[in-house]
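Q: Mind looking over this structure? Questions follow.
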Amino acid sequence: MADQLALGFADRHAGQEANLAAAVAVNRNYRAAAEAALAALVREGRPFTAEDVRNAVPDSVEPHSPNVLPSVLGTWAARRLIVPCGEYRSRRRSRRASRNRVWIACPSPVMDRST
């Protein structure tokens with residue numbers, strides 16, 4: 001019998017991938033803008049939130065769905081490019097003070113130079 005948590009994660013990742021695929025359809029460049037903003041924040045090496053990414057995306061670029069940014073963050077986290085380092089309560093009314101993560105770039109593994 002399959003582990004329910006594993007099945008849940010698989011479903012979530014499939015949904016994220018479907019959402020991100022739709023985000024690159026014709027005239028939909030929010031994903032690219034969000035990933036560019038996220039990459040810049042990761043390079044800075046300091047903690048950041050989804051709001052920081054959202055604020056770095058130009059106002060003229062609109063997502064096709066409110067789930068594009070969470071999907072981008074989830075994909076980067078699954079690839080271990082970012083890791084959670086805290087939590088905060090959202091101030092955006094649409095989020096209703098939900099719990100959100102604070103992220104930081106995943107530290108690079110230290111290479112063993114003794115071999």
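The values are calculated or read from the model by the stated rules, or taken from the named source; none is laboratory data. In this text, all values refer to a predicted model and were calculated from it rather than measured experimentally. Cβ atoms come from the backbone with ideal geometry, glycine included; neighbour counts cover every protein chain shown. Keep in mind that these areas ignore ligands, DNA and RNA; they rest on the heavy atoms of the full protein, side chains included. Shrake-Rupley method; radii C 1.70, N 1.55, O 1.52, S 1.80 Å.
Q: Could you order Tyr30, Tyr88 by accessible surface area, starting with the largest, using a probe radius of 1.4 Å? Don't jump to the answer; show the numbers that get you there.
A: Numbers: Tyr30 15, Tyr88 55 Å².
In descending accessible area the options line up as Tyr88, Tyr30.
Q: Ok, one more. Sum up the charges of everything whose Cβ sits under 10 Å from the Cβ of Leu20, counting Lys and Arg as +1 and Asp and Glu as -1, but leave Leu20 out.
A: With Lys, Arg at +1 and Asp, Glu at -1, the net is -1.
Q: For Leu41, Leu7, give the ranking by accessible area with the largest first, probe 1.4 Å.
A: Ranked list, largest accessible area first: Leu7, Leu41.
Q: So, one more: For the stretch 49-106, what class follows from the C-alpha gyration tensor (a ≥ b ≥ c being the square roots of its eigenvalues): rounded when a/c is under 1.5, otherwise prolate if a/b is larger than b/c, else oblate?
A: Oblate, because a/c is 1.5 or more while a/b does not exceed b/c.
Q: At 7 Å along the Cα-to-beta-carbon direction for both Glu17 and Asn55, put a label point, then send me their distance in nm to one decimal.
A: Between Glu17 and Asn55, the label points sit 3.4 nm apart.
Q: I need the calculated FRET efficiency for the pair Arg43 and Ala6, taking r as the beta carbon distance and R₀ as 41 Å, to the nearest 0.05.
A: Values: r = 33 Å, r/R0 = 0.80.
So, using R0 = 41 Å, E works out to roughly 0.80.
Q: Given labels modelled 7 Å from the Cα in the Cβ direction, how far is it in nm from Ala77 to Ala32?
A: Here the answer is 2.7 nm between the modelled labels.
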